[in-house]
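Structure first, commentary second.
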Amino acid sequence: MLSTYRGLQIVEAARKFRHEHKYEPSNTVKRIVKIAIVAIVTLLLWNMPAEWYGINNLTVIQQRVIAIFVFATLMWILEIVSSWATSVAVIVIMLLFCTDSGILPMVNEEEVGTLLSYKGVMATFADPVIMLFIGGFVLAIAATKTGLDAQLAKVLLRPFGTRSENVLLGFLLITGLFSMFVSNTATAAMMLTFLTPVFRQLPPEGKGRIALALSIPVAANLGGMGTPIGTPPNTIALKYLNDPEGLNLGLGFGQWMMFMFPLVILLLFVSWWILKKMFPFSQKTIELKIDGEMKKDAHSYIVIITFFVTVLLWLLDRVTGINSYTVAMIPFCVFALTGVINKRDLEQVNWSVIWMVAGGFALGYGLNKSGLAENAVESIPFGEFSPVLILILGGAICYLLSNFISNSATAALLMPILAIVCGAMGDKLAPIGGTPTVLIGVAIAASSAMILPISTPPNALAFSTNLVQQKDMAKIGIIMGIISMVLGFGLVYLMGVLNVL
C-alpha cells in the first residue's frame, strides 16, 4: 500500500532497520538456539502425559491445541520468523493434526477426542473482521492513489497558522485523525514526508525538529485507538465482544468512537503539551508548504463521495442497521466496479497483517471449539481472582509484550484467553464494568506501547529519519504510555460502571 507514497524511501529505510535488527548474520547462532527452544517446548507439551496439565478430561486434541498455542506465543515473542509466517504455520499445523481433514493416523476421533472442523479453521481467514480490515485498506489505497490524503492534509493543516507550537499541534491532530481510518504505517510515511520542507526552515541545533519528528509516531499510535479499524487490536477486541456465541454485545462503530474519540483527542493535546515542554522550539514561526495536488477526475470524486458516505454509514450503524463489517465492503464494491482500483492495487493490501490476525482467530477457534476453554474454566478457579487484578495484569502483560513484538500478535494471543477468563468470572467482573472493560483495556494497552524503534512501524519510520534518538523516543514513549493507559483504563471502567458499553 505504500508504493505510491513520495516517502517510500523512509518506509524502506525503516523496513531495513527492522530486518537488520532481527536477522543480521551475527544473530544466526541465537536464531538456532531460539528454534531449538521452540521445538523442544512444543514437542514436550505435545507428548507429555495429559494428567500433568491438571485440567479435567483433557483430550489429545485439546493437548495439541495447548502445544500449538505455546508454539505461536514463543514464535511471536522470539520473532524467529515474521509474525504472519507464524500465523500461517499455526493454521496449517491445526489443519493437519486437529481437524477432520488431518493426517489419518493422527486424527482418529475415538482416540484423540472431538476434532475441529477444517472449514471452521479455514473460515478464520474470511471472518467478518477480516473484511473490515480489507475495506479499510482499500479506502486507504484509493485515497492515496487519487491524492485525497495529501489534499486533506493541506486543507486541515492550514488553520493552524505559522506559529511553531501550533504547527506541532496540527501535525499531531491530523496524524491522529488519519490514523483512525488509514494504516498507521501509511499515515506516518505520508506525514513524515510533509515534514521535510518544515525541517529545512528550522535550525539544526534546535529541539523543535525532534518534537515534530516524534509527534508523528506518537499521534499515529494514539490515533489508532479512535475507531475499530484504526489498529488491529481494536478489531480483534471487537470480534470477541460481538461474537454471537460469546458476549454478543453488538458494539457498533459509532458506539466505539463515542467514547474512544474524545480519549484520543485528549491524549493528543496532552502529548502536544509534553512534547513542546521537553523539546522547545528555538524558532517561533514556520511557513508550512505541502506539495502535491489531488487529481481532478471522475475517480477522485468517486473516492471523495464514497469515503465520506462510508464513514457516515460506520457512524450511523445503529440507525441504518448495516453493521461495520458490511459497510466495509461497500467501498470495495464501488471502487472495483468504477475502476478506481485494479488488480495491481489489490497487491498493495497489507496481506501480512490479515494473515497475522487470521492466525490469532484460528487459535481462538481451537481453544473454544475443541472444548479446551470449557475444561480449563472448570479446572482453574478463575472466579476467585480479583477483577482489578485481571484488568491490571491483562493490560500490563499486553503493554510489555507490545513493546517488543507486534501489537497484533499480542492481542491475538491475549484476547481469546481473557475472553475465556472473564466469561468464567461472570458477575464478579461487574465492579469494573464487566468483560468489555478488560478487552478494550487490552486494546488500549497495545496502542500505548511505543518505547522502542521496533515497538511499532511508525516508531521505526521516525527513527529511520535519523532525527530521533532512541533515548528521546523512550522518554516520550514511557510518559505517554503510562498516561494513555491510566486515562484509557479509567474511561472504560467509567463507561462500564455506567452501563454505556
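The values are calculated or read from the model by the stated rules, or taken from the named source; none is laboratory data. Note that the coordinates shown come from a computational prediction; the quantities given were computed from them, not determined experimentally. Glycine also receives a Cβ, built like all others from the backbone with ideal geometry; neighbour counts cover every protein chain displayed.
Quick look at the numbers
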{"item": "Filter result for residue 211 (under 30 Å from residue 363 (Cα atoms) and crowded, with 24+ Cβ neighbours inside 10 Å)", "result": "no"}
{"item": "Segments classed as helices (runs of 4 or more DSSP H), wholly inside the range 322-417, with at least 3 members that are crowded, with 23+ Cβ neighbours inside 10 Å, outside the structural domain of residue 232 (by TED's automatic domain parsing) and under 19 Å from the mean Cα position of the chain (by Cα)", "result": "351-369"}
{"item": "Candidates 424, 449 - the one that is touching a Phe, Trp or Tyr at 6+ places or on another chain (Cβ under 8 Å) and surrounded by fewer than 24 Cβ atoms within 10 Å (Cβ to Cβ)", "result": "424"}
{"item": "Qualifying residue in the range 219-235 (condition: surrounded by fewer than 18 Cβ atoms within 10 Å (Cβ to Cβ) and not aliphatic (A, V, I, L, M))", "result": "no"}
{"item": "Residue within the range 187-207 that is touching a helix residue (DSSP H, G or I) at 6+ places or on another chain (Cβ under 9 Å), assigned to a helix (DSSP H, G or I) and either surrounded by fewer than 20 Cβ atoms within 10 Å (Cβ to Cβ) or among the acidic types (Asp, Glu) (or both) present", "result": "yes"}
{"item": "Selected residue (only one of 221, 234, 166 is assigned to a helix (DSSP H, G or I), more than 20 Å from residue 488 (Cβ to Cβ), polar (S, T, N, Q) and at pLDDT 80 or above)", "result": "166"}
{"item": "Criterion (buried (at least 19 other Cβ atoms within 10 Å of the Cβ) and in the same structural domain as residue 275 (by TED's automatic domain parsing)) met by exactly one of 490, 477", "result": "477"}
